[in-house]
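Enquirer: First the structure, then my questions, so here it is.
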Amino acid sequence: MKILVTGGAGFIGSHLCERLLKEGEDVICLDNFYTGTKDNILDLMDNKKFELLRHDVTFPLYVEVDQIYNLACPASPVHYQSDPVQTTKTSVHGAINMLGLAKRTKATILQASTSEVYGDPEVHPQPESYWGRVNPIGIRSCYDEGKRCAETLFFDYYRQNKVDIRVIRIFNTYGPNMHPNDGRVVSNFIVQALKNKDITIYGDGSQTRSFQYVDDLIDGMIKMMNNKEDFIGPVNIGNPVEFTIKQLAEKVLELIPESKSKIIFKDLPQDDPKQRKPDIALAKEKLQWEPRTELEKGLKKTIGYFKVKITS
Ligand code: NAD
Ligand code: UDP
């Protein structure tokens with residue numbers, strides 16, 4: 001099969017490209033290198049089944065493919081807020097262009113949607129049936145509303161044009177290949193601890209997240225794309241074990257005992273969700289999928305990656 005991965009040089013995309021190549025697929029990795037880097041896919045370049053395409057998904061694309069994983073979009077609040085108009089364009093124009101490509105080629109297309117569609121949720125944990133609580137005019141809206149509109153487009157192309165869609169809602173995922181300056185909490189805390197810099201907790205650290213190791217996500221993504229039940233989603237893919245941000249900081253320091261870092265508290269950004277935890281009953285039932293990597297194990301692998309990365 002010929003498979004297009006948009007955002008393929010990013011954190012998740014690079015893991016997905018690697019896994020698909022291992023499974024013997026032909027992979028076209030598309031990226032405009034906004035937050036992704038060639039470093040993430042360097043090891044794949046020699047593979048004859050791998051092709052790299054510098055392209056921006058906000059422009060139309062003409063290639064022949066059987067499957068499309070649409071991941072292109074900056075995912076860290078720091079990066080998606082630095083050019084919010086481009087973030088909305090990437091989600092919305094990107095979805096239209098990739099859905100148009102899927103329509104013409106009759107490819108199956110999977111959208112990497114997000115737990116952010118639930119906003120700052122009042123229902124906890126979050127099932128797929130919850131419609132969310134998103135501020136439409138705040139600093140996170142370019143991402144949250146862009147991703148919500150992309151979901152709308154996916155379901156309209158499905159109803160109107162019979163495009164074969166899949167939608168997954170990814171919850172906070174971490175692992176090797178995150179950029180040291182990514183800005184998300186797991187990479188920030190690890191890099192800070194390794195460099196003996198202050199660990200920056202935003203707010204009082206009582207807000208919660210549920211952290212998923214990247215390998216578990218890739219398993220879920222591929223299962224969703226290839227499920228034979230005509231199950232199109234949306235489906236939550238995340239690890240339901242919930243931690244406060246303060247607990248995460250303490251865990252990172254425990255796993256890097258040589259660190260001289262101290263925890264400091266900074267202002268909580270606007271609209272920062274107070275709690276987040278996936279209800280994964282649907283993924284278990286429809287995909288026979290659930291995450292297998294405990295936080296400590298995933299953090300150890302990620303710390304190992306950053307130790308090499310920031311000293312090389
Ligand atoms: P990332 O920033 O590492 O990767 C995004 C990739 O998309 C980068 O390589 C970037 O250069 C590329 N990109 C951005 N805009 C583009 C454009 N206009 N055209 C082409 N390429 C473009 O982030 P990630 O964590 O790997 O996230 C990948 C996808 O998964 C994103 O769509 C994100 O919204 C979604 N997601 C991630 C998480 C998570 O916790 N990591 C959670 C929910 C959803
Ligand atoms: N956060 C933090 N310190 C950091 C980076 C993030 O305390 O250096 C907090 C952030 O305010 C949020 C949580 O960690 O409450 C997760 O943030 P991240 O940017 O990783 O993802 P998201 O908010 O999109 O879930």
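Enquirer: Sort through Ile68, Ile96 and tell me the only one that's hydrophobic (A, V, I, L, M, F, W, C) and out of contact with any strand residue (DSSP E or B) (no Cβ under 9 Å at 6 or more places or on another chain).
Expert: Answer to the check: Ile96.
Enquirer: May I ask you to say which residue of Leu253, Leu248, Leu194 is within 30 Å of Thr311 (Cβ to Cβ), open to solvent by less than 20 Å² (accessible area, probe 1.4 Å) and in contact (Cβ under 8 Å) with a residue 12 or more places away in the chain?
Expert: Every option except Leu248 fails the conditions.
Enquirer: Could you tell me how many of the residues in the stretch 293-312 are part of a helix (DSSP H, G or I) and open to solvent by less than 20 Å² (accessible area, probe 1.4 Å)?
Expert: Within the stretch 293-312, residues that are part of a helix (DSSP H, G or I) and open to solvent by less than 20 Å² (accessible area, probe 1.4 Å) number 6.
Enquirer: When the stretch 63-103 is examined, which residues are found to be part of a loop (DSSP other than H, G, I, E, B) and within 8 Å of ligand 1 (Cβ to nearest atom)?
Expert: Those that are part of a loop (DSSP other than H, G, I, E, B) and within 8 Å of ligand 1 (Cβ to nearest atom): Leu71, Ala72, Cys73, Pro74, Ala75, Ser76.
Enquirer: Yes or no: the stretch 205-225 includes at least one residue that is of a type in the set (Ser, Thr, Tyr) and within 21 Å of Gln81 (Cβ to Cβ).
Expert: Within the stretch 205-225, none of the residues are of a type in the set (Ser, Thr, Tyr) and within 21 Å of Gln81 (Cβ to Cβ).
Enquirer: Of everything in the stretch 256-276, what is in a loop (DSSP other than H, G, I, E, B) and either open to solvent by less than 60 Å² (accessible area, probe 1.4 Å) or under 24 Å from Ser129 (Cβ atoms) (or both)? Give them in sequence order.
Expert: Ile256, Ser259, Ser261, Pro269, Asp271, Asp272, Pro273, Lys274, Gln275, Arg276
Enquirer: Given the criteria without any contact (Cβ under 8 Å) to a residue 60 or more places away in the chain, assigned to a loop (DSSP other than H, G, I, E, B), away from ligand 1 (no atom under 14 Å from the Cβ) and over 13 Å from the mean Cα position of the chain (by Cα), does Tyr130 qualify?
Expert: In short, yes.
The values are calculated or read from the model by the stated rules, or taken from the named source; none is laboratory data. For clarity, every value in this text was computed on a predicted model and none was experimentally measured. Every residue, glycine as well, gets a Cβ built from its backbone with ideal geometry; the counts of neighbours run over all protein chains shown. Each accessible area value is taken on the protein alone, full model and side chains, heavy atoms only, with ligands, DNA and RNA left out. Shrake-Rupley method; radii C 1.70, N 1.55, O 1.52, S 1.80 Å.
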